[in-house]
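Input: a single structure, listed below in structure tokens.
Only the coordinates and a few stated rules stand behind these numbers; no lab work does. Note that the structure is predicted; figures quoted are calculated from it, not measured. Note: ideal-geometry Cβ built from the backbone for every residue, glycine included; neighbour counts use all protein chains shown.
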Amino acid sequence: MKRLLATAALASALAACTTTGAPASTTQTAAPKSPYESEILATVDRFLLAIGNHDDDALEEVLITEGVSWIQTITPGNERAVQPYTNASMMEPDPDADPFIERYWDPTVTIRGGLAQVWAPYELRDNGEQVHCGIDAFDLVFLDGAWRVASVMSTMEPEGCAAMMPSSPAAMRPRDGWKETRNE
């Protein structure tokens, strides 16, 4: 009963909560789409380009460094433990960094006030080769007049690509801006 009351109180508080400058509250589950969905997806695109291209300046513009993100490697019969890593660690220089491409498709976007989530299947390519696929789940916050990535949760599924890939590469985003290879 306490859990039910706490959940109801939290839901009520979230419904009443507004952030100065944040977009109006909407919940995105089906059409009509929120006018903020394109801004949110553009932020995810900029984040992935910054990570893949190892562009720390671009990453600093879209990432909340105080956050924690989580990854889990999943192979049939062997699900590894979920591992945390700090968002600040994404900003640490790596002189041996090799650009890679991480593209997603069919995103589900949910928005409420200044909070948003994007859930989407993705693939990671390095040196032109598909490394793994998985699910990316991005938590975003409307902060200082812009959407920013607060945390990322990802599965890494080296054997999951065949089941996850879209029917056409045209469905993938971001389309352009990669240092590794031109996105065809």
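Tabulated data for the structure shown
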read-out	value
Cβ crowding within 10 Å averaged over residues, with 65-75, 145-155 ranked highest first	145-155, 65-75
Karplus-derived HN-Hα couplings along the stretch 151-162 (A = 6.51, B = -1.76, C = 1.60, θ = phi - 60°), whole Hz, x at Gly and Pro	7, 10, 10, 9, 9, 10, 10, x, 9, x, 5, 4
By average C-beta atoms within 10 angstrom, highest first, the peptides 101-111, 169-179	101-111, 169-179
Extension reserve of the Thr65-Ala42 stretch, reckoned as 0.36 nm per residue once the Cα distance is removed	6.4 nm
Förster-model FRET efficiency, 25 Å R0, Asn127 and Ala171, C-beta, rounded to 0.05	0.65
Length-normalised contact order for the stretch 36-145 - Cα pairs under 8 Å, 6+ apart - percent	19 percent
At R0 = 22 Å, FRET efficiency that the Cβ-Cβ distance of Ala58 and Trp119 yields, to 0.05	0.45
Amide H within-cut-off set for Val131, under 5 Å, with H built and near neighbours excluded	Leu124, Arg125, Asp126
Prolate/oblate/rounded call for the stretch 49-148, Cα gyration tensor, a/c under 1.5 rounded	oblate
